[in-house]
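The numbers here are math on the coordinates, done by the rules we state, and not lab data. Small disclaimer: the values here were computed from a predicted structure and weren't measured. Quick reminder, even Gly has a Cβ in these numbers, built from the backbone with ideal geometry, and neighbours come from all protein chains shown.
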Amino acid sequence: MRVLLILATAGLLGAAATLDDPTTANGVYTRRQADEGRDLFALACQNCHAPTQHAGNDFRSKWFGRSLGELFGYLRREMPKTDPGTMSDEEYAALVAYLMRINRMPAGQNPLAADSAVLHRIRIDSIPSAPVPHPDTR
Ligand code: HEC
């Protein structure tokens, strides 16, 4: 079933799907989610890294162009270093949202899904993939 779905997606949507897929510049998480991520980071992560270690050029050179799914997967597999995988998927998604915010990526209306299939379709970038015209702000 899963294989069929992947084949269908690749075959039918192909390049169009890639073009329309959002990037982290499209507002893919909510403010509230990032606030939750900030609190979790202070509790579970900050004793080993300062948030600034995951912002700016270091983050850019390592993660830009990859997908949020990779970052989410990395955190789930590896972090917190001494106790990996001990948080819920929702908590890892909130941490990802927080990392987006400290990298100046905008918040939006909808929370980031705690679902790696969805997250794999969102590219980490500061440029929206499909800029939409805003008729009412002309
Ligand atoms: C016990 C110490 C420790 C804790 C707690 C910890 N980390 Fe880490 N983290 C590390 C080390 C060490 C690395 C370097 C990579 C490695 O050795 O695997 C790392 C690497 C990372 C990276 C990759 C950095 C990069 O190069 O982009 C991210 C992102 C990250 N940690 C996020 C987190 C988050 C989020 C939490 C909290 C859930 C957390 N870490 C908790 C020790 C820790």
(message) Net charge around residue 107, counting only other residues with Cβ within less than 13 Å of its Cβ (Lys, Arg = +1; Asp, Glu = -1)?
(response) +3
(request) Grab the other residues whose beta carbon is less than 15 angstrom from that of residue 83, score K and R as +1, D and E as -1, and report the net. (result) +1
(message) Looking at the calculated P(r) for region 20-125, what percent of the C-alpha pair distances fall above 23 Å?
(response) 15
(request) Starting from the Cα-Cα distance between residue 21 and residue 57, subtract it from 0.36 nm times their residue separation and give me the gain in nm to one decimal. (result) 10.5 nm
(request) Under 13 Å from the Cβ of residue 55, count the other residues' Cβ atoms, weight Lys and Arg +1, Asp and Glu -1, and hand me the total. (result) +4
(message) Using the Cα centre of region 20-125 as the reference point, and only Cβ charges (+1 on K/R, -1 on D/E), how large is the resulting charge dipole? Debye, rounded to the nearest 20.
(response) 340
